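Q: Quick one: the structure is below, and I'll ask about it shortly.
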Amino acid sequence: TNLVQLDPDQLKKGASSTTGGGGAQRAAAAGSGMALDADEYDAEKEGVRDFCLWKAYKPEFDREDAIWDPVVEVVVKTANTNEEEEEEEVVQTRHIGKGRPGWHLECSAMARKYLGPTIDLHAGGIDLKFPHHENEIAQSEGANCAPFCNCWVHNGFVNIGDEKMSKSKGNFLTLRKACPTAEDVRAYRYLVVSSQYRNPLSFTEAALGAAKGALKRLDRIQAMIDDALKLASSSDDTNEDDSSNSSSVTTSVIVATVEKELANFEVAIADDLSMPRASACLFSIVKAAEKEFKRVAKLKKEEDVEETPSLDMLGLVRVQEALKQMDQVFGIYYEVPQVKGEEGAAGIGDDNVNGGAIPEDVMDLVVQRTVAKDAKDWELADSLRAKITELGFAVKDVKGGDPIVSKV
């Protein structure tokens, strides 16, 4: 019944109506001047922008176990004839009618129940922007008389080359197939996180290759700094008071670059998660560190250098700190877990789950369930799944392959 507390009678005047036993709400603003002719594919609609709040029960279409027949409580204010007396609030019960919630109603009801009439952030794919999110706004603001959401975040699609990925086009890829190695996994993660989330992401071999190159550069500079710091900690020549060391705060060009780019990084993140700009800030810092190593390497090759050149250790420490700080957003410095299939999972032909043997009785039930599914005996298959769950395991079907068994 929580889903139907957004009662149509609570909606603003003129924003709702009922047709065919179901509630409908106009998503268009009043007075827009646009025609409200019935949609050709839905004769029950009064206007093309109408959508259903509560779908009336249709015995030829709905399942009996997937409908509700709720009675809701509504607070109604009663007017008093005496102007000095305040309005009284009376709780009334209303029978909405047998049916089920419309597609958009569930989201509005859950948002209000758990987050209140106005939420800060709402995310979703760009394909949900219309009609789903527009209709959420219409019904939520109509019922709550308050702004529904302060910030909307819509992500773009993943494209294979210049085409949208879809099974019908034959260009559908799973992550397991697209990223068979740990290097591929890290590269894809960086490719995604360094892109502008609102725009389509073009997945190509060239794009993945560029991401791999970027990660190799990041890993290399991290390793070079680690080695330099280890060497410095074990050497007496890297005392901070040494005049040959260029690592004072006032003279470190690297420190100045890091502080500038960290500030730019924060601005980029705050500007609608502008990750391409954030990535540029990251590599400006990397470039400054690379330049420092090249400077010292060049000086060491010159024969007329009287003193052994020193690295800007303070600057390199600051670079290391900045990379760690930025990685809290990028999440690229990590080791990809080496697992078979899904972590903690095994197929019918595997011998163990999480390092322990799968009980023989569980595997027998899994095989029986597979046979029942092949025979389209869904009731038996469901009961076997329940028995597997009772034994502490879960079974996941894989299209074209053996089911995967995992510990609950």
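The values are calculated or read from the model by the stated rules, or taken from the named source; none is laboratory data. As the structure is a computational prediction, the values presented were derived from the model and not from experiment. Cβ: placed from backbone, ideal geometry, glycine included. Neighbour counts: every protein chain shown. Heavy atoms of the whole protein, side chains included, go into the accessibility calculation; ligands, DNA and RNA do not. Shrake-Rupley method; radii C 1.70, N 1.55, O 1.52, S 1.80 Å.
Q: Given the conditions (1) touching a Phe, Trp or Tyr at 6+ places or on another chain (Cβ under 9 Å); (2) free of Cβ contacts under 8 Å to residues at least 24 places away in the same chain, report the number of the one that Gly124 does not fulfil.
A: Every listed condition holds for Gly124 apart from (2).
Q: Determine which member of the set Arg100, Arg112 is surrounded by 15 or more Cβ atoms within 10 Å (Cβ to Cβ), of a type in the set (Lys, Arg) and modelled with pLDDT of 90 or more.
A: On the way: Arg100 fails: modelled with pLDDT of 90 or more.
After applying the criteria, what remains is Arg112.
Q: When residues of region 192-208 are filtered for being more than 24 Å from Lys129 (Cα to Cα) and open to solvent by less than 40 Å² (accessible area, probe 1.4 Å), how many remain? Before the answer, list the steps.
A: Going residue by residue through region 192-208, those that are more than 24 Å from Lys129 (Cα to Cα) are 204-208.
Still in the list and also open to solvent by less than 40 Å² (accessible area, probe 1.4 Å): 207-208.
Residues flagged as more than 24 Å from Lys129 (Cα to Cα) and open to solvent by less than 40 Å² (accessible area, probe 1.4 Å) within region 192-208 amount to 2.
Q: Taking interchain pairs and intrachain pairs at least six residues apart, which have beta carbon atoms under 7 angstrom, with the first residue in region 46-69 and surrounded by fewer than 19 Cβ atoms within 10 Å (Cβ to Cβ) and the second of a type in the set (Val, Ile, Thr)?
A: Glu46/Thr19; Tyr57/Ile67
Q: From the list Thr81, Thr93, exactly one residue is part of a strand (DSSP E or B), at pLDDT below 90, out of contact with any Gly (no Cβ under 7 Å at 6 or more places or on another chain) and open to solvent by 50 Å² or more (accessible area, probe 1.4 Å). Which is it? Give the derivation first.
A: Working: Thr81 fails: part of a strand (DSSP E or B).
That would be Thr93, the only listed residue that is part of a strand (DSSP E or B), at pLDDT below 90, out of contact with any Gly (no Cβ under 7 Å at 6 or more places or on another chain) and open to solvent by 50 Å² or more (accessible area, probe 1.4 Å).
Q: Something else now. With respect to Asp272, is the statement that it is open to solvent by 40 Å² or more (accessible area, probe 1.4 Å), at pLDDT below 90 and among the charged types (D, E, K, R) true? Working first, answer last.
A: Details: open to solvent by 40 Å² or more (accessible area, probe 1.4 Å): yes; at pLDDT below 90: no; among the charged types (D, E, K, R): yes.
No, not satisfied.
Q: Moving to a separate point now. Could you tell me which residue of region 288-341 is modelled with the lowest pLDDT, considering only residues that are of a type in the set (A, V, I, L, M) and assigned to a loop (DSSP other than H, G, I, E, B)?
A: Taking region 288-341 as the starting set, the residues that turn out to be of a type in the set (A, V, I, L, M) are 288-289, 296-297, 299, 305, 311, 313-314, 316-317, 319, 322-323, 326, 329, 332, 336, 339.
Those left that are additionally assigned to a loop (DSSP other than H, G, I, E, B): 305, 311, 332, 336, 339.
Numbers: Val305: 64, Leu311: 93, Ile332: 91, Val336: 87, Val339: 58.
Per the criteria, the residue is Val339.
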